[in-house]
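Only one structure is covered here, and it is reproduced in the block below.
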Amino acid sequence: MRKTLLRMTLRQLQVFRAVCEHGSYSRAAEEMALTQPAVSLQIRQLEELVGQPLFEYVGKKLYLTEAAEALKRASSDIFGRLESLDMQLSDLQGSLQGQLNLCVESSAKYFIPHLFAEFRRQYPEVSLNLTVVNHALVVRRLTQSRDDLMIMSQVPQDMALDFMPFLNNPIIAVAPPDHPLCEADSLQLQDLTPYPLLIRESGSGTRRACEEYCHQKRAHFPNTLEIGSLESQRESVLAGLGIALLPRHAVRLELQHDLLRELPVAELPLQRSWCVVNIRGRRLSPVAQAFVDFIRTERAQIIKLAERFQPSHAGSGKNLAGSA
């Protein structure tokens with residue numbers, strides 16, 4: 001190993017990581033409470049130790065060199081090990097401390113905070129860094145080892161992953177209360193196809209699951225409107241722009257208050273499972289391992305917790321108004 005690398009400081013690596021994250025010396029300086037010349041000096045010193053440039057400008061945009069990419073991976077490993085050490089030392093003192101870096105699909109974000117709250121009752125000194133993205137970005141982050149654990153459905157089969165299903169994620173059809181379909185006692189998926197269908201953006205796991213299922217059931221929707229988030233999709237249904245296939249957890253409050261109706265479609269709900277996922281062979285931090293163990297041993301409690309957030313009238317179609 002180059003002896004010059006031993007002269008690197010953790011502070012230099014922190015500054016370097018901030019520049020990588022923000023793609024800017026000035027924004028990194030703001031985050032680190034430093035001046036921009038101080039950030040530039042730290043990076044120059046690192047480049048001298050590495051023996052290669054770390055950043056280059058193309059136009060006005062800052063890009064990482066190959067050396068910077070290698071250093072970024074190494075620094076992630078270094079800080080990850082330090083964080084794990086801190087957790088282990090806390091564990092030796094009799095209390096689990098540290099941060100859980102959790103990345104979840106957007107369809108799970110309505111339930112996961114409640115799940116973490118239950119976990120934190122056992123480990124009150126654990127904090128949470130929660131990242132919410134769509135399915136495609138979850139898969140991308142898996143390849144970058146940026147998170148301790150992932151919560152997702154449709155786990156990729158072409159990656160070396162360990163995963164554990166722990167909770168159903170039912171996808172239902174919803175419409176505003178004055179929609180003609182709400183008058184029906186029972187429906188087939190085909191009955192929905194004459195109406196506009198609001199769909200998520202490309203890369204959404206919910207959209208992919210629904211498209212595959214509708215294709216399997218030969219239900220073709222000629223009139224679709226792409227909406228970029230679950231919240232916007234839900235609001236668009238409320239506004240009367242169309243019907244939608246949504247995770248029941250995402251619309252539980254609207255169903256409870258009769259702002260939306262769950263359509264009584266025979267082929268629905270479409271059942272998917274949320275899974276806790278990590279890269280196979282990667283050693284989990286004590287906090288991440290405790291979270292996985294909590295999910296494994298407390299499944300009955302988790303199911304009961306999920307039931308508390310289910311509308312009592314789910315699936316009753318025409319009779320929803322009477323039970324709201």
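You will find that of A38, A68, the residue that is at pLDDT 90 or above and within 22 Å of L142 (Cα to Cα) is A68 and no other.
Between A74, A68, A108, the distinction of being of a type in the set (G, A, S), surrounded by fewer than 21 Cβ atoms within 10 Å (Cβ to Cβ) and in contact with a helix residue (DSSP H, G or I) (Cβ under 9 Å, 6 or more places away or on another chain) belongs to A74 only. Do the conditions hold for E201, that is, is it acidic (D, E), at pLDDT below 90 and closer than 21 Å to N134 by Cβ? Yes, satisfied. Confirm whether Y57 is more than 28 Å from D147 (Cβ to Cβ), without any contact (Cβ under 8 Å) to a residue 24 or more places away in the chain and of a type in the set (F, W, Y). So Y57 passes the test.
Considering each of S232, S236 in turn, give the residue that is polar (S, T, N, Q) and open to solvent by 40 Å² or more (accessible area, probe 1.4 Å).
S232
Close Cβ contacts (under 6 Å, 6 or more residues apart or on different chains) running from residues in segment 154-180 that are at positive phi to residues that are basic (K, R) are absent. If you go through segment 213-225 and keep only what is out of contact with any helix residue (DSSP H, G or I) (no Cβ under 6 Å at 6 or more places or on another chain), open to solvent by less than 90 Å² (accessible area, probe 1.4 Å) and more than 13 Å from I243 (Cβ to Cβ), you end up with just Y213.
Across segment 267-295, the qualifying residues are those that are polar (S, T, N, Q) and closer than 22 Å to F111 by Cβ, and the one among them that is least open to solvent (accessible area, probe 1.4 Å) is N278.
The number of residues in segment 1-33 that are under 17 Å from L71 (Cβ atoms), open to solvent by less than 40 Å² (accessible area, probe 1.4 Å) and not in a helix (DSSP H, G or I) comes to 1.
Kindly check whether there is at least one residue in segment 69-91 that is part of a loop (DSSP other than H, G, I, E, B) and either in contact with a His (Cβ under 9 Å, 6 or more places away or on another chain) or not aromatic (F, W, Y) (or both). No, segment 69-91 has no match at all. Among the residues of segment 34-49, is there at least one that is open to solvent by 20 Å² or more (accessible area, probe 1.4 Å), in a loop (DSSP other than H, G, I, E, B) and at positive phi? Scanning segment 34-49 turns up no residue that is open to solvent by 20 Å² or more (accessible area, probe 1.4 Å), in a loop (DSSP other than H, G, I, E, B) and at positive phi. Scanning for something over 11 Å from the mean Cα position of the chain (by Cα), in a loop (DSSP other than H, G, I, E, B) and of a type in the set (K, R), does segment 128-151 turn up at least one residue? Yes, that holds for at least one residue. Across segment 50-61, the number of residues qualifying as of a type outside the set (S, T, Y), surrounded by fewer than 16 Cβ atoms within 10 Å (Cβ to Cβ) and in a strand (DSSP E or B) comes to 3. So for segment 86-94 (the condition being more than 25 Å from the chain's Cα centre (by Cα), among the small types (G, A, S), surrounded by 15 or more Cβ atoms within 10 Å (Cβ to Cβ) and modelled with pLDDT under 90), does at least one residue qualify? Looking for residues that are more than 25 Å from the chain's Cα centre (by Cα), among the small types (G, A, S), surrounded by 15 or more Cβ atoms within 10 Å (Cβ to Cβ) and modelled with pLDDT under 90, one finds at least one in segment 86-94, hence yes.
As a summary of the residue check, A173 satisfies the conditions (1) open to solvent by less than 10 Å² (accessible area, probe 1.4 Å); (2) small (G, A, S); (3) under 16 Å from the mean Cα position of the chain (by Cα); (4) under 24 Å from H257 (Cα atoms) except for the one numbered (3).
The values are calculated or read from the model by the stated rules, or taken from the named source; none is laboratory data. Please read these numbers as outputs of a predicted model, since none were measured by experiment. Ideal geometry is used to build each Cβ from the backbone, glycine not excepted, and the neighbour counts take in all protein chains shown. The protein model used for the area step is the full one, side chains on, heavy atoms only, and it has no ligands, DNA or RNA in it. Shrake-Rupley method; radii C 1.70, N 1.55, O 1.52, S 1.80 Å.
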